Every structure is written in C-alpha cells, then in structure tokens.
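Peer 1: Below you will find the structure I want to go over with you.
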Amino acid sequence: MQLIQTDSLTLEPQVAAHADEMFAVLSDPAIYEYENSPPPSLEWLRERFTKLETRHSPDGREQWFDWVIRLPPSELIGYVQATVDSNGKAAIAYVLSSRYWGRGLARQAVQAMISELVDYHDVHSLSAVLRRENFRSMRLLERLGFSLASPEQYLQHRVEPGELFMQCEIQRP
Ligand SMILES: CC(C)(COP(=O)(O)OP(=O)(O)OC[C@H]1O[C@@H](n2cnc3c(N)ncnc32)[C@H](O)[C@@H]1OP(=O)(O)O)[C@@H](O)C(=O)NCCC(=O)NCCS
C-alpha cells in the first residue's frame with residue numbers, strides 16, 4: 001500500500017497510530033444517521049486499526065485496504081476502505097466528517113482509491129452496500145459510475161431489506 005496524493009487530499013495507509021485523531025473524527029453523530037455507530041472507546045478503535053493494519057483476513061483470502069484522508073496541511077477528515085477478494089472484486093466503504101460534506105472531497109478520495117486498486121492491485125469489479133435512504137452515498141456512487149446490481153446479484157450477496165447493492169465493472173482497454 002502506498003500514500004496517494006490527489007488535487008486537495010492525501011490518503012495515508014491507515015495504521016494504529018491514527019486511532020487517536022480518528023476517534024474524534026468518527027465520533028461525529030451525523031455519520032451514523034443511517035447505519036453503524038461511533039467507536040465505543042479509543043482503546044477499541046486502536047485495537048481495530050491494529051487488526052486492519054495486518055492488511056489481510058486471518059485466512060488470507062481477503063486483502064484489507066484502509067486509507068485515512070488528510071486535508072493538508074494537517075487535519076484528518078475521514079477514511080476510505082476496500083476489501084478485495086482473490087478474484088479482483090472489491091467491496092468499498094467511505095466516511096467523511098460532516099463538516100466537509102458537499103465539497104466533492106469524498107468523490108475525490110474514493111476515485112483516487114479506485115484508481116489505485118485498479119492500477120496496482122488487479123481490481124476489476126467494485127461494489128458497495130448502502131441503506132436505501134442514504135442519498136448522499138448513492139449520488140456519490142452514481143457520479144463514480146456505479147449502478148444498481150441485478151436481482152441475481154442481490155440474492156448472491158444476501159442484501160438485506162432496506163439496503164441497496166451498487167456495482168461498477170472496470171472496462172480494461
Ligand atoms: C457518503 C458521504 C461520504 C458523501 O459525502 P459528500 O460530501 O456528499 O460526497 P461528494 O464528495 O460526492 O460531494 C458531493 C457534493 O459536493 C458538491 N460539490 C462541490 N464541489 C464539487 C466538486 N468539485 N466535485 C464534485 N462535487 C462537488 C456536489 O454538488 C455535491 O453537493 P450536494 O450534496 O449538495 O449534492 C458522506 O455523506 C458520509 O460520510 N456519510 C456518512 C457515512 C456513509 O454513509 N458512508 C457510506 C456508507 S455506504
């Protein structure tokens with residue numbers, strides 16, 4: 001994994017040492033309007049980041065890619081994440097502090113992660129699962145070229161009622 005630079009952001013490979021600063025970012029209640037909940041404690045988050053820093057699942061079948069998003073010169077403002085299987089399929093997720101929504105920064109970060117995964121990690125298929133009412137997330141995915149998956153794929157991926165499954169196939173030249 002390497003550091004990624006975009007026009008306005010730096011994506012740093014996430015390590016346990018980011019936990020202190022990320023605890024404040026991830027304590028923003030607006031992030032959890034549709035799903036999940038804030039980290040219960042700093043210790044919990046440090047342990048989670050330590051586990052993710054291994055960069056793969058215990059059975060070795062999945063690669064874990066996590067980058068924290070830094071808005072230079074200093075502040076951490078969120079993260080992007082991908083779980084990649086041995087067939088080049090990536091399940092992605094992303095979170096941005098609500099103070100920074102509406103500026104196109106999430107799009108810039110997620111696009112940069114996708115380019116990195118495609119160019120250097122043999123990813124050719126991307127997917128994301130989101131709550132139906134999470135319109136910000138849906139708009140972001142649509143702007144990035146994602147579309148709703150087929151009914152067969154919904155069954156295959158055991159999508160829960162109230163969730164959307166969106167995907168994007170990368171066309172190689
Ligand atoms: C999902 C999430 C990352 C989207 O953040 P966002 O800031 O809305 O996303 P984008 O980067 O695509 O920004 C789009 C907005 O920036 C505006 N914008 C401003 N400048 C822009 C630019 N140069 N390029 C693109 N969009 C720009 C767009 O018009 C759009 O505004 P709108 O919200 O009024 O439609 C954010 O809402 C979030 O962290 N949510 C909580 C966690 C979550 O739900 N994660 C997803 C789970 S699947």
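Nothing in this text is a laboratory measurement; each read-out follows from the coordinates by a stated rule. Given the structure is predicted, the values throughout are model-derived calculations rather than measurements. Please note: Cβ atoms are built from the backbone with ideal geometry, for glycine as well, and neighbour counts cover all protein chains shown.
Peer 1: Rank these for me by crowding, 54, 6, going from fewest to most other beta carbons within 10 Å. Don't jump to the answer; show the numbers that get you there.
Peer 2: On the way: 54 9, 6 15.
Least crowded to most crowded, the residues run 54, 6.
Peer 1: Could you calculate the FRET efficiency of residue 50 with residue 89 from 1/(1 + (r/R0)^6), where r is the beta carbon distance between them and R0 is 25 Å, rounded to 0.05? Present the calculation step by step, with values, prior to reporting the outcome.
Peer 2: Details: r = 26 Å, r/R0 = 1.03.
My answer for the efficiency is 0.45.
Peer 1: Shifting gears a bit: Roughly what would the spin-label model give for residue 2 and residue 108, points 7 Å off Cα along C-beta, in nm?
Peer 2: In this crude spin-label approximation the distance works out to 2.1 nm.
Peer 1: In percent, what relative contact order does the chain have, based on Cα pairs under 8 Å that are 6 or more apart in sequence?
Peer 2: Numbers: 266 pairs, mean separation 32.7, N = 173.
It comes to 19 percent, rounded to a whole number.
Peer 1: Per the helix-only calculation at 222 nm, which mean residue ellipticity applies to the chain, given -39500 (n - 2.57) for every DSSP H run of n ≥ 4 and division by its residues, nearest 500 deg cm²/dmol?
Peer 2: Values: 5 runs with 49 residues, N = 173.
Rounded to the nearest 500, the figure is -8500 deg cm²/dmol.
Peer 1: In Å and from the alpha-carbon atoms only, list the Rg and Dmax of the chain.
Peer 2: Considering the chain through its Cα atoms, Rg and Dmax are 15.6, 46 Å.
Peer 1: If you don't mind, there's one more thing I want to ask. Say R0 is 25 Å: what FRET efficiency, to the nearest 0.05, do residue 120 and residue 61 get from their beta-carbon distance?
Peer 2: Values: r = 20 Å, r/R0 = 0.78.
According to the calculation, E is roughly 0.80.
Peer 1: Within 10 Å of each candidate Cβ there may be at most 14 other Cβ atoms; applying that plus a DSSP loop requirement, which GluC sites (Glu not before Pro) in the range 64-154 survive? Don't skip to the answer; put the middle values down first.
Peer 2: Values: sites: 75, 116, 133, 142, 152; in loops: 133.
Here the sparse-neighbourhood loop sites are 133.
Peer 1: Once you've got the GNM for the chain with C-alpha springs shorter than 10 Å, pick whichever of 11, 42, 117 has the biggest mean-square fluctuation.
Peer 2: Of 11, 42, 117, the most mobile in the Gaussian network model is 42.
Peer 1: What number, in percent, do you get for the relative contact order of the range 1-92 if the mean sequence gap of Cα pairs under 8 Å and at least 6 apart is divided by its residue count? The partial results should precede the final answer.
Peer 2: Numbers: 135 pairs, mean separation 26.1, N = 92.
Once normalised by length, the contact order is 28 percent.
Peer 1: Oh, and also: Just to confirm the filter: which trypsin sites (Lys or Arg not before Pro) across the range 3-62 are DSSP coil and have at most 12 other Cβ within 10 angstrom of their Cβ?
Peer 2: Values: sites: 46, 48, 51, 55, 61; in loops: 55, 61.
Those satisfying the criteria are 61.
Peer 1: Please work out the FRET efficiency for the pair residue 171 and residue 28, using the Cβ-Cβ distance as r and a Förster radius of 35 Å; give the result to the nearest 0.05. Working shown, then result.
Peer 2: Working: r = 36 Å, r/R0 = 1.04.
Taking R0 as 35 Å, the efficiency between residue 171 and residue 28 is 0.45.
Peer 1: Anyone know which of 92, 31, 69 comes out most mobile in the 10 Å Cα GNM of the chain?
Peer 2: Result for the chain, Cα springs under 10 Å: 31 fluctuates most.
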